[in-house]
Amino acid sequence: MMFSRAEAIQRIIDTPFQVCMIGGGATGSGCALDGALRGLKTVILEGTDFGSGASSASTKLIHGGLRYLQQGLAEVDFEQFRLVKTALRERRSMMANAPHLSRTLRICVPCRSSWDLFYYRIGLKMYDWLSGNSRLSGSSFADRRASLAKMRRLRADGLQGTVSYSDGQFDDARYSLALVQSAAQSGAEVLNHASVIGFEKNLSGKVIAANVFDRISGRSFKVNAQVFVNATGAVSDHIRQLANPQAEPRLQPSKGVHLLLPLPADFGVEALLIPHTEDGRLIFAIPWMNRLLVGTTDTSSDPAGEMVVNRGEAEYLLRHLNRYINPQFRLEEVVSATAGLRPLVQPVKLSQTKQISRDYEIETQSESGLISIMGGKWTVYRAMAEDTINTVETRLMGRVTPCKTRSFRLFGAEDEPDRLVEQLMKAYPLSLSVADHLVRKYGSFAACVLEPCREDSGLLYPIADGALPIRAEVVYCVRQEMAASVEDVLARRLGLQFFDWNLALKAAPVVAGILAQELEWNRSTERNALDEYVTLIENFQEKIRRFDAAEERTAK
Ligand SMILES: Cc1cc2nc3c(=O)[nH]c(=O)nc-3n(C[C@H](O)[C@H](O)[C@H](O)COP(=O)(O)OP(=O)(O)OC[C@H]3O[C@@H](n4cnc5c(N)ncnc54)[C@H](O)[C@@H]3O)c2cc1C
């Protein structure tokens with residue numbers, strides 16, 4: 001559904017837009033889809049790649065937020081209950097609108113005291129109750145023996161039993177892309193690697209155009225729109241200050257990291273929630289695409305900082321995981337890791353980021369007219385977008401038209417995933433795991449991915465020995481999903497970088513070769529693209545191995 005970047009840029013330059021979204025993560029893309037469905041002339045400008053910020057570095061849970069429920073109970077704070085209830089309602093829409101990208105996940109809480117058992121049984125019943133009609137499947141208790149039978153890796157010492165409950169799990173990077181594709185299909189223009197670097201204003205000080213730098217071609221151009229929406233997540237203050245240099249900072253970004261470990265065959269299907277940690281937060285160990293995703297941390301962070309995982313952070317997560325798991329995981333077993341910044345809005349001065357609410361706020365700068373949507377979390381992206389577009393429409397037309405996103409099936413979500421897998425296996429010589437992988441990534445467009453294989457059967461080969469993704473996917477990602485770098489392909493579109501850094505390094509030359517062919521790169525551009533990717537991954541690997549006393553302290 002997407003077009004070439006050069007054509008997209010020309011159309012964007014030539015069009016006067018009603019609304020311009022700055023930032024193509026969950027928030028900006030969600031807003032663009034909502035705006036386009038209401039008939040607004042809409043454009044998304046994404047500075048790096050769609051979903052490359054926090055939106056692909058999450059814990060991949062579509063959840064009400066157990067921790068906010070705990071805070072609500074501890075502080076008798078009804079606002080926290082309201083947040084949980086809203087998120088639980090959104091959880092249902094988010095899962096129903098993209099079944100190929102989401103699923104129900106059972107999460108198990110190991111309890112080592114009678115108090116914990118009582119607390120989690122009551123707390124999770126309350127979570128069930130708050131879910132109302134949006135309930136997935138109710139919470140349940142298992143005694144010690146039954147718990148150890150279903151989760152054979154669980155440490156037996158001190159264990160009294162477990163309480164399990166359900167939440168949603170999703171492919172955050174592909175969900176982000178599906179929002180962009182849905183927005184494009186609904187009439188929005190979309191562009192990645194296009195950074196907003198400044199604004200132009202009219203005589204009364206209102207922003208009327210954005211100056212944009214295209215990182216791929218190196219050229220700059222202007223985008224005209226009646227309303228600009230700042231959806232740049234953790235760096236929102238920078239855009240707010242570009243529009244008004246006197247704007248007070250509002251964001252307190254918080255860094256969160258995840259590790260990916262080999263998934264032990266006997267781990268079981270449920271995720272593990274680690275209820276007691278040194279800093280009072282919850283840590284999850286979640287089966288995810290045949291890996292164990294472990295996270296997360298929560299440390300105040302500079303948005304200009306490098307988004308890598310340092311050894312202190314990795315050791316913090318492993319230390320907590322190993323208190324509940326047997327045999328223990330070692331640092332050397334980490335196959336990949338991710339880091340991202342939560343875009344927390346600071347209401348008052350608070351010292352710990354984990355105390356700041358995950359609620360969101362829409363701000364309109366009175367002079368420049370810039371609208372900023374700040375805070376929130378993935379699960380409530382749709383509600384955030386609805387409120388933002390209501391604000392945009394009120395500015396543009398003095399009234400609000402009905403929002404259409406609550407039950408809008410996203411790009412690729414038209415068919416039932418299991419049926420699609422069967423169809424693919426009938427039409428092409430694919431293993432069940434490859435067919436399933438394709439449907440889980442592209443939904444009903446999986447058949448389009450495979451179309452060029454009719455002419456060139458070599459495209460059915462994996463991009464590296466031992467990897468699920470096939471070469472045809474790279475072609476599709478360039479032609480239809482605006483992938484422009486090795487990282488765009490391996491990190492967000494195929495997910496191999498999160499699955500295994502070493503496997504991603506093995507696949508990188510093949511990916512660079514296909515990119516070169518599709519984008520007509522010369523040899524030196526191809527070599528540079530490959531070198532850039534290898535350096536990126538080696539830097540991740542080096543940071544996680546290196547001991548740094550200062551970073552170690554930050555992680556604690
Ligand atoms: C570790 C971690 C775990 C999380 N886990 C969960 C979870 O399990 N469930 C959940 O619901 N939520 C979770 N969240 C929260 C959720 O991921 C975020 O709230 C959400 O992704 C924010 O989306 P966003 O679009 O606002 O920000 P981002 O995804 O960061 O997007 C902002 C975009 O703006 C772009 N941008 C920046 N500057 C410019 C510019 N000048 N011009 C153009 N574009 C620009 C960036 O490149 C970026 O792509 C988690 C967050 C973190 C960090």
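Assorted remarks:
- Residues in segment 91-127 that are under 17 Å from the mean Cα position of the chain (by Cα) and without any contact (Cβ under 8 Å) to a residue 24 or more places away in the chain: 0 in all.
- Pairing residues of segment 406-434 that are farther than 25 Å from LEU88 by Cβ with residues that are outside any helix (DSSP H, G or I) and of a type in the set (Asp, Glu), at Cβ distances under 9 Å and at least 6 apart in sequence or on separate chains, gives GLN423/ASP415.
- Filter pass, ALA484 being out of contact with any His (no Cβ under 7 Å at 6 or more places or on another chain) and either in a loop (DSSP other than H, G, I, E, B) or among the hydrophobic types (A, V, I, L, M, F, W, C) (or both): no
- Within segment 190-206, the set of residues being more than 29 Å from LEU519 (Cβ to Cβ) and in contact with a Gly (Cβ under 6 Å, 6 or more places away or on another chain) comprises just one member, LYS206.
- For PRO417, the conditions (1) under 23 Å from the mean Cα position of the chain (by Cα); (2) within 22 Å of ALA183 (Cβ to Cβ) are fulfilled apart from (2).
- Hits in segment 262-283 - residues which are at pLDDT 95 or above and under 25 Å from GLY305 (Cα atoms): ILE283
- Strands (runs of 3 or more DSSP E) (entirely within segment 201-302) containing at least 2 residues that are within 15 Å of the ligand (Cβ to nearest atom), in contact (Cβ under 8 Å) with a residue 12 or more places away in the chain and within 27 Å of LYS60 (Cβ to Cβ): 220-230, 254-262, 271-274, 283-288, 291-295
- Here GLN497 meets each of (1) touching a strand residue (DSSP E or B) at 6+ places or on another chain (Cβ under 7 Å); (2) not aliphatic (A, V, I, L, M); (3) not in a helix (DSSP H, G or I) with one exception, condition (3).
- Residue list for segment 39-54, filter: in a strand (DSSP E or B) and more than 6 Å from the ligand (Cβ to nearest atom): THR42, VAL43, ILE44
- Any chance LEU318 is at pLDDT 95 or above, in contact with a helix residue (DSSP H, G or I) (Cβ under 8 Å, 6 or more places away or on another chain) and away from the ligand (no atom under 11 Å from the Cβ): yes
- Unmet requirement for TYR68, which otherwise passes all of (1) at pLDDT below 95; (2) away from the ligand (no atom under 12 Å from the Cβ): (2)
- Any chance ARG382 is of a type in the set (D, E, K, R), out of contact with any strand residue (DSSP E or B) (no Cβ under 6 Å at 6 or more places or on another chain) and away from the ligand (no atom under 16 Å from the Cβ): no
- Test for LYS426: is it over 27 Å from SER4 (Cβ atoms) and assigned to a helix (DSSP H, G or I): yes
- Screening segment 73-88 for residues that are crowded, with 21+ Cβ neighbours inside 10 Å and more than 8 Å from the ligand (Cβ to nearest atom) and picking the one that is nearest to the chain's Cα centre (by Cα) gives LEU88.
- Of all residues in segment 13-25, none are crowded, with 24+ Cβ neighbours inside 10 Å and assigned to a helix (DSSP H, G or I).
- Comparison of THR104, THR86, THR162 shows that the only residue that is assigned to a strand (DSSP E or B), over 30 Å from VAL489 (Cα atoms), touching a helix residue (DSSP H, G or I) at 6+ places or on another chain (Cβ under 8 Å) and among the polar types (S, T, N, Q) is THR162.
The values are calculated or read from the model by the stated rules, or taken from the named source; none is laboratory data. Since we're looking at a predicted model, the values are computed, not measured. Please note: Cβ atoms are built from the backbone with ideal geometry, for glycine as well, and neighbour counts cover all protein chains shown.
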